[in-house]
1. If B:VAL772 satisfies all but one of (1) crowded, with 20+ Cβ neighbours inside 10 Å; (2) touching a helix residue (DSSP H, G or I) at 6+ places or on another chain (Cβ under 8 Å), what's the number of the condition it fails?
2. In segment B:106-124, what count of residues is obtained for those that are part of a loop (DSSP other than H, G, I, E, B) and either within 7 Å of chain A (Cβ to nearest Cβ) or crowded, with 22+ Cβ neighbours inside 10 Å (or both)?
3. For residues in segment B:278-309 being part of a strand (DSSP E or B) and of a type outside the set (A, V, I, L, M), which is nearest to B:CYS196 (Cα to Cα)?
4. Are there any pairs, at least 6 apart or on different chains, whose C-beta atoms fall under 7 Å, with the first in segment B:755-766 and open to solvent by 30 Å² or more (accessible area, probe 1.4 Å) and the second of a type in the set (Phe, Trp, Tyr) and outside any strand (DSSP E or B), and if so, which?
5. Would you please name the residue that is modelled with the lowest pLDDT, looking only at residues in segment C:1-47 that are surrounded by 22 or more Cβ atoms within 10 Å (Cβ to Cβ) and aromatic (Phe, Trp, Tyr)?
6. Kindly provide the set of residues from segment B:411-425 that are more than 14 Å from chain A (Cβ to nearest Cβ) and open to solvent by 40 Å² or more (accessible area, probe 1.4 Å), ordered by number.
7. Tell me, please, whether a residue that is open to solvent by 20 Å² or more (accessible area, probe 1.4 Å), in contact (Cβ under 8 Å) with a residue 60 or more places away in the chain and more than 35 Å from the chain's Cα centre (by Cα) can be found in segment B:665-679.
8. Taking segment B:402-416, which residues are over 20 Å from B:ILE387 (Cα atoms) and not in a strand (DSSP E or B)?
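The values are calculated or read from the model by the stated rules, or taken from the named source; none is laboratory data. Since we're looking at a predicted model, the values are computed, not measured. For neighbour counting, all protein chains shown are included, and Cβ atoms are generated from backbone atoms with ideal geometry for every residue, glycine included. For accessibility, only protein heavy atoms count, side chains too; no ligands or nucleic acids. Shrake-Rupley method; radii C 1.70, N 1.55, O 1.52, S 1.80 Å.
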Amino acid sequence: MGKAMNNREGAVMILGGGIAGIQAALDLTELGFYVYLVEKSPAVGGVMAQLDKTFPTNDCSL
Amino acid sequence: MLTNADFLALEGTAGNFTATINLRPRYIDADACTACGLCTQYCPKHHVDPYNEGLAITRPIHIDYAQAVPATYYIDPSSCLFLQHETCQICVPVCQSHAINFKQQPEERKLHVGAVILSPGFGKIDPKTLAKFSYGKHPDVVTAFEFERMTTASGPFQGEVKCFSDGRHPKRMAFIQCVGSRDIGCNNGYCSSVCCMYAIKEALVTKEHDPEVDITIYYMDIRTQGKDFDAARERAEAIGIKFVRAKVADVTPWENRLQLTYATLDGQHKFEPFDLVVLSVGLESPKDAQKIADITKIGLNKYDFCATNGFNPLQTSQEGIVVAGAFQGPKDIPESVTQSSAAASLTAATLKKVRGKGVELKTYPEEQKVAEDDEARIGVFVCHCGINISSVVDVAAVANYAGDMKNVTYYTENLYSCSQDAQEVIKKKIKEHKLNRVVIAACSPRTHEPLFQETLRDAGLNRNLFEMVNIRDQCSWVHAGEPELATVKSKDLVRMAVSKARHIQALPEQTVPVTPKALVVGAGVAGMTAALNLAEQGFASVLIEKGESIGGNLKNLHHTLAGDEVQSHLKTLVDKVKQSKNIDVICNAELVQTAGFIGNFASVIASGSGKDKTEQTVDHGVIIVATGGREHRPDKYLLGKSKKVVTQQELEKQLAGKAKTRAPGSIVMIQCAGSRGDDLNYCSKVCCNHALKNILKVKEINPDSQIIVLYRDMRTYGFAEDAYTEARKMGVVFIPYEVDRKPEVTQKGAKVQVRFFDSIMQEEVTMSPDLVALSVGIVPDDTDTLSKLLKLPVTANKFFLEAHVKLRPVELSVSGVYVCGLAHGPKPVDETIVQAQAAAAKAAIPLVKGYVKVDPIVSSVQQDKCIGCGLCVSLCPYGAIVMQKVDGKRKAETVSASCKACGICAAHCPTFAISMGGFTNEQLISQIEAFGATGDR
Amino acid sequence: MADQEFNPSILGFLCNWCCYAAADAAGVSRFQYPPNMRTLRVMCTGRIDPAFVLRALAEGADGIFSGG
C-alpha cells in the first residue's frame, strides 16, 4: 500500500479491518484508489481470524 | 493501514472529507520489531487473552496470533506493570532490536479522503442475557466463540474439546440456538443469520475430533438458507448429530453436570443432562455504533445497525459514506465479502474523476539471473497447516526425507506456510542459502501457488522457479485413517517435485492489453445494476437480453417486505439504463459464440428472429453472467389444476390488483412446495419472506383473513424476523410439518381440501380454505448453454459455481467472467443488487488496469526444430498456433495470449520442437522417473 | 494378509482444471480413498505424450490414471 502522503486525491477511508474492510481495501486498491484501513485493534483480520474452519466446506479460515 | 486507531471526527462532504484518527501507542517500534517473541517470554505479568476469548493467558506484551498483520508485537496498557505502576521494564533490555519504547505518545492524524466505507463488524451479546443458561456461573457453559477457539488446532487447547470444570472429555454436548437473537427480552428481535451455520460447523468439527460424542442442537428453526447450506445440515444429521425443535428455558448445574430444561412444540417440558453446553450467541450491532453514527451523522435502524434501503442496500443516509459487512445487518462471510466488493465499486463510481491519483505501484527487486546450467539449489518447505496436515502426515519425517535429497540445500517445516511470517522466513531463507528453486509441500497449487510465487518475486526469484506439492487436499484430508501410508505418499510426491524442480527454468512475464468494455448477459435487476455501475465507473457495456424487454423478474414483483413499491423503482432503473451513453441494450438477443480470453473476448450475438435475425460481433474485455432464474412450478398440490391453488407470486399479483375479493377470508400457505429434497434439492431462500410479505398485505387489506402457514423451518433471517413476529401477533398460525408427513391438497367438488398433521395439537386436521398459496422455489434459467459456451462449471442444482464460496463469491473459474443474481443462486432483490455491484467491481479491475498478465506457462516453438508439418495447428483447440514463413520455410508459432497451456501441441509434435513453460518433457520425465525411484533420492 | 493384498502403485496424470480440481474438492469434502496413487499435475490431459505413459510403466507403475 505504499507510504502515506498528505492530501491524497482519490483516497478512501475504510473504518474496520475485518474481512469486509480488508476485501473492500483490496478491491479499491485494484481499482486505482489509495486506501486508509483504520482498525481499532492492533491487527487487521477481525473475527474471521479467530475462526478455525468455515461453513459449509470446513475450509481453513486463516 | 492504521491499526490501534480510534476514529474521532469526520468533517466535510462527499469528495472532500477530513477524518481525524487517534493512533494509540503500541509502545513498540513497528519497523524494528522482528516478532521474535522474546519479550513475551520475559514479561512477568499475566494478561487474559481476548483473542482466545479469555480461554488463555498471555502477557501484556504480545501478538494476537502468529499470522497477524502487521506482524508487530504490542503492549496492552491495561495490565502492563510499567504503564500502570511505573515498575518492571524487564522487556526493554530483553529486546535485541531495541524496539520497545515506552515514550510513545498517542498521535492524532488528519486524513483527507473522498469517501468512507464503514465496516466496523458486529458486537457481542451482553453476558447478562446469557445468565439464565448459567453462563458465568458454571464453567462448562461456553459461548460458540469460546468453543470455536477451543476446537481450533492453533488455539489454546490445540483443538482438544474438554470441560473446563474438570478437564474431562464431554460425552454429551448441547448447542442452544437463538441465544440473544430472535429474543425480544434482550431487545434483539432479529435473527443473526449465521448461528445455525456455525453451530452445525462446530458440531461437525467436534465429531471429527471425537466421533463418540453425543451432540444435540436445540433450535426453533434451522436457517441454512444459503447456497448449498442445507446439504451440510443433512450431512450433520447423517453422522448422528441430533436436531430437536424446542425452546430452551434454562440450564442449571446438576451434580457435576448441567441440566437443560426445554419445551417442545407439543407443550411438554423435558429435562436432559449434558457435560458441555454451547450457546449459539447472536451478532449485535457494534458497541460503538452510536458513536460512529454521531460522528458520521448516518442513520441507524431500531437495532442500532446502519439503516439502508433495499434498493440501495449499502448507501447510508450520508452521501459519500457506504456500509459493508455485519454493520449493515448480521451476515456471514460470503455476504460480507460480496458487500465489500460492492462498496468498493460504489465508491469507485463516486470518485471516478480522481481514480489513479496518488497510488504507487508495487515494485519488485530485480530478478536474480538463474541460468539453465546453474546448479540447482532447492529449498523445501513442508507445511503443518495447523493440524490439517500434521495430524495425519509425519511432517518432520517428510521434511527430513527431502533434506537428504540431491540438490536440496535447505529444508524446514512451517506451522502455516501461507502466513505472513512464513513468507518472511521463505524470503530470508532464499537469500541466506542462495536458493534458486523453491518447493512447498502444503495445500493445493490451485489456491496457493499465486501467494508463494509473489513471495518468490519479492525475494528476487522468477516466480516459475517454484513447485508445489499437495499433501493436504490430496493426501492428509483423504487418507485420514492411514497416517503411515499418507506419509509415504507425501514423501513420494515431494521426491517427484524435487526431481522436477531440478529442471525448472525461469520464464518471462508477458502482458496483453484489455478491451475496455463489458458484455453483460441478462437484463434483469442484476444485469442492469452491474451495467449501470460499470457505466458510472466510466466503462461501456453491451447488455443483452433474451426477452422482449429489460427488467426481468422485477416485473412480477409489486412491493417488498419492507413495504417499498417495486414498479416505480424498476422504471427508474430501466430509464437510467436506457439513457446511459455507456450501455448498449440489445433485446431478443442471445450469445452464440465467444472466443478469446480475459481482456480480449470476441462474442457473436444473434438478435431478432426469423428473417430479421442478424448477427454481430462484439469485442469486449470481461463478461458478467446475470442470466437469472424463474419460479419453479411443481406438479403438486393441484397447482395449475385448481384455480384455488396459486403460487406466492400469483397471490402477490392478485393483491396488487383491484378485485374486491383479492384478499380471501381464509388462506393456507404451504412452504417448501417442491423444494428442499422434493423436485428441487435446495432451499430457495426467498420463499419464507415472500409468504410473509403477502401475509402482511392480506392482513392490511382484509384484517379478518384467517391465515395458516404450514412450514418446515421459517427462514426469515436478519431483520425479516420482525415481519414473522408481527404476523404471529396478528394471529397468523404457523404450524411446522415433517418432511415425511407433508400436507395433502385434494379437490372436493368446487372446494379444495387441505389435510395436514398439526404438530402442536398432535392431530390430523382437514380444512377447506378459500385459497391455497404455495411457496415454490426458484430454478435457474438455462445455464447449460452458457456453461458449454464459456466452459463455466455449474453446481448439482444447475446454478453457476463461483470460484470460491467464501472469498471469491462473484468470480467464476474462467478468468474475466463474473456472476450475479439468480444465476448464482436463489436470493432476494437487495442481495441481488449488492452482488451485481460486487460483480461490477471485480469486472472493473482489468478494465481499470488496461492490461492483463499472460501466464508464462504457455507453449513455445523452437523453430529450428520445427519441420512445418502443421500437426499442432490442426490440433490446437484454441487457434493459438499459426504457421508462418520464416526464411521461406513453414514454421509454427504460438499466439501466447490465446494459448491455454493445455499442451496438446507439445504432446504431438513429432520433432519435440514445442515446449510448455513449466511442463517441459524433461521436467515431466524426471518427475515420472522419480515416481519409480522409490528407493533413491 | 497384507503381503498377499495387491497394492498397486498408480501414477495419475490430472488435468489442473477438472480432475486435479476434483481431487482437491474430494479433500475438502473429506472423501476417503486408498493412498495408492501419486499425482502428476498437467495443465490439460492433452499434454500427456504416450511416451510418458510407457515411461511410467517402465518405471514400475502398475497402472496409469489419466483424469481430464
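1. The single condition B:VAL772 does not satisfy is (2).
2. Quick first cut of segment B:106-124, residues part of a loop (DSSP other than H, G, I, E, B) only: B:106, B:114, B:119-122.
Remaining after also requiring either within 7 Å of chain A (Cβ to nearest Cβ) or crowded, with 22+ Cβ neighbours inside 10 Å (or both): B:114, B:119-122.
Matching residues across segment B:106-124 total 5.
3. Residues of segment B:278-309 that are part of a strand (DSSP E or B), as a first pass: B:278-281, B:283-284, B:300, B:306, B:309.
Subset that is of a type outside the set (A, V, I, L, M): B:280, B:284, B:306, B:309.
Working: B:SER280: 8, B:GLU284: 16, B:CYS306: 23, B:ASN309: 26 Å.
Restricting to residues being part of a strand (DSSP E or B) and of a type outside the set (A, V, I, L, M), the top hit is B:SER280.
4. Every condition considered, the pairs that remain are B:PHE757/B:TYR737.
5. Only one residue tops the list, namely C:TYR20.
6. Pass one, segment B:411-425, residues more than 14 Å from chain A (Cβ to nearest Cβ): B:411-413, B:424-425.
Within segment B:411-425, B:TYR411, B:GLU413, B:GLU424, B:VAL425 qualify.
7. Yes - at least one qualifying residue is present in segment B:665-679.
8. First, the residues of segment B:402-416 that are over 20 Å from B:ILE387 (Cα atoms): B:402-410.
Result: B:ALA402, B:GLY403, B:ASP404, B:MET405, B:LYS406, B:ASN407.
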